[in-house]
Amino acid sequence: MNRTPLQSPWTLLGLAGALGLAFVIGSQVAGSPPEVGLLAPVQAPPAERVQAVRLGAGQTFGEVLQAASVGWSDQNALLLAFREQANPRRMRDGTLITLRWFREAEVLRGIDVNLGKDETVRLHRDGPGWFSTLEHTPIRIDTVFVSGVIQDNLNNSLVSNAGLAHLVAPNRDWVVSMMDEVFQWQVDFSRQVRSGDTYRIVLEREVRPDGSMRDGHIIAAEFVNGGTPYLAIWFDPNDDGDGTFYDELGRSVRRAFLTKPLELGRISSVYSNSRLHPIHNIRRPHRGVDYAANTGTPIMATGDGVVIYADWRGELGNLVEIQHPNGWVTRYGHMSRFAPGVRPGTRVKQSQTIGRVGQTGGATGPHVHYEMRRRDGGALNPLRVRLPPGDPIPSDSWGKWAVESRQRLRMLEALPGPPIAVLAEAPDADSPAIDEPAGGD
């Protein structure tokens with residue numbers, strides 16, 4: 001019997017399959033899509049094992065290789081390859097050495113040695129031998145402009161400032177420290193900042209390709225404290241990197257003493273002729289200012305001088321005394337420990353760390369007790385002493401100063417804020433000195 005194509009079993013089977021597929025598709029369109037099971041994640045181990053080592057004090061590159069179980073033949077070849085770029089005997093303590101191993105075979109495939117911020121010796125295997133290259137990280141200069149109004153304190157204002165949003169958190173903290181460093185002789189940011197104070201900052205920074213900051217410094221800044229403007233302009237008369245900050249009249253913002261021995265320290269007790277002692281509960285003179293801070297916070301020498309005492313002193317605990325060339329003596333008490341090398345006869349520089357905050361002696365909490373005394377032993381209130389200024393612009397550098405300072409002030413004026421006074425001309429030989437004499441209490 002003859003069958004038509006529709007009567008063929010294969011044709012009928014195909015038709016049934018098509019109808020079934022149409023039903024499935026129709027049901028998926030009409031209803032929710034079918035659930036698909038999730039595959040378990042596949043954990044793929046990295047192709048290499050990385051081992052980072054810091055060169056220890058007195059340790060050699062060869063000893064690092066030996067401690068990492070690098071074979072003798074590879075050690076010799078690596079040292080020979082390294083010598084093509086640098087002297088292994090001149091590697092500094094703390095140098096970062098990164099070794100990379102093929103994970104499966106545990107075969108050393110390469111080593112990176114960081115010689116400095118921007119130089120890396122790269123050692124790589126090529127067949128049975130080792131070769132080296134010296135990699136230089138390209139740097140670009142970036143100028144950052146930022147201004148703002150303080151609501152509570154400088155730190156919070158700068159860290160949350162939108163103008164610094166592209167900087168990583170440590171770099172924003174660095175800007176806060178730089179502002180404190182620049183204006184530390186004029187403003188105590190721990191106690192003098194008021195709501196409504198304003199700031200304008202122009203800074204230059206060296207930036208690596210990955211966006212990290214290599215280095216940087218403020219080139220111009222203004223801080224208006226209680227309506228009083230303070231200006232700081234970076235100027236390097238000799239172009240040797242040893243410049244400093246001056247105000248709009250060419251006077252150094254640096255003073256013979258810092259206003260305080262801590263960065264952004266909080267005053268916990270002021271100078272007084274009759275303070276209620278927190279331990280003995282009696283009233284007696286307090287001939288200094290206490291700055292509260294966490295134990296271990298660095299304590300800075302507020303001026304250049306020579307250490308004349310570094311030992312235990314009764315209720316002041318671990319105490320350092322510094323004799324300064326202008327007849328002053330400063331004292332720093334309650335230290336948890338002295339900085340290495342700080343002993344009688346040691347010469348120290350302004351801002352040098354001389355010890356760490358502690359709670360030794362008669363102290364109820366971690367802080368540093370700071371005093372300023374005259375040569376005859378008379379104590380003065382550190383918060384009221386008029387500090388002598390540093391040297392002004394050298395007379396033979398006024399032409400260079402006039403050009404550079406005006407350029408940098410124009411950068412500041414590009415930011416929101418009040419107009420800035422025009423710079424004074426270079427003083428002539430008959431004009432009085434612009435330095436102010438040191439005052440008293």
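The values are calculated or read from the model by the stated rules, or taken from the named source; none is laboratory data. The shown structure was predicted, so the numbers you read here are calculated from the model rather than taken from an experiment. Using ideal geometry, Cβ is built from the backbone for each residue, glycine included, and neighbour counts are taken over all protein chains shown. The area values use the complete protein model at the heavy-atom level, side chains included, leaving out ligands, DNA and RNA. Shrake-Rupley method; radii C 1.70, N 1.55, O 1.52, S 1.80 Å.
Odds and ends about this structure:
- Semi-axis lengths (Å, descending) of the ellipsoid that matches the C-alpha gyration tensor of region 205-260: 25, 16, 11
- For His124, the accessible surface of its heavy atoms amounts to roughly 70 Å² (probe 1.4 Å, protein chains only, rounded to the nearest 10).
- If the convex hull is drawn through the Cα atoms of region 48-117, its volume per residue in Å³: 84
- Inter-probe distance in nm under a simple model that places probes 7 Å from Cα toward Cβ, at Arg406 and Gln192: 3.0
- Counting protein heavy atoms only, region 150-296 has 44 percent of its accessible area on carbon and sulfur, 1.4 angstrom probe.
- Surrounding net charge for Leu115, when Lys and Arg each add one and Asp and Glu each subtract one, Cβ distance under 15 Å: +2
- Solvent-accessible surface of region 61-199, averaged per residue with a 1.4 angstrom probe and all protein chains in place: 53 square angstrom.
- Residues in region 77-85 carry Karplus couplings, in order, of 5, 5, 5, 5, 5, 5, 5, 5, 10 Hz; the curve used is 6.51 cos²θ - 1.76 cosθ + 1.60 with θ = phi - 60°, and Gly or Pro positions show x.
- Distance from the C-alpha centroid of region 206-238 to that of region 132-170: 11 Å, rounded to the whole angstrom.
- Probe 1.4 Å, accessible area per residue of region 254-411, Å²: 47
- All lysines inside 23 Å of Lys260 as judged from Cα atoms, apart from same-chain residues fewer than 8 positions distant: Lys349
- Magnitude of the charge dipole, region 130-287, Cβ model with Lys/Arg +1 and Asp/Glu -1, debye to 20: 1180
- Whole-Hz ³J(HN,Hα) from phi, Karplus 6.51 cos²θ - 1.76 cosθ + 1.60, for region 144-156, glycine and proline x: 10, 10, 8, 9, x, 10, 7, 9, 10, 8, 5, 4, 4
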